[in-house]
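Structure first, then comments.
Every read-out reported here was derived from the displayed coordinates using simple, explicitly stated rules and does not represent laboratory data. Predicted model only: the values in this text are computed from it and were never measured.
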Amino acid sequence: MKKLNRREFARTCAGLTAVALTTPALLVQAADMPHVDPESAQAKALGYTHDATTVDTGKYANFVAGSHCANCQLYQGGDEWGGCGIFPGQQVAAGGWCSAYAKKAG
C-alpha cells in the first residue's frame, strides 16, 4: 500500500469534504424541482400521465401493463417522485408513464 505524503493527504481530504458538502445540496435541489405538467406540450406529445393505469392503450400500443416510471431506465428518483432524462429539471410520478418508457434491465 502506498504511503500518502502530507500534500496528497490534504488534497484527498479536501476532495472528500467537497463531496460530503455538495451531496446533500443536490438532494435538496432535486426535491425542489416542480412536477411535470401533463398538459404541457412536451408531456402531451409523449402521452405522459401521472397514473399509468390511465394510459390510452388504443393510442399508445407500446404500453405494457405494469410499465411505469419507477421501473423505467430513465427514472432517477424516490418512491413517489423523481427525475427523468426526458423531462430535465422536473419530477415525474413513480407511478406515471410516457411513450419514451424503456424497461429497466434486471
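When both bridge partners sit in the range 33-104, DSSP labels roughly 90% of those beta bridges antiparallel. One compactness figure for the range 34-106 is 0.97, namely its Cα radius of gyration divided by 2.2 N^0.38 Å.
Between Gln42 and Asn62, the contour length at 0.36 nm per residue exceeds the alpha carbon distance by 5.4 nm. Annotation: average projected area of the range 67-106 is 2.5 square nanometres, based on the convex hull of Cα atoms across all directions.
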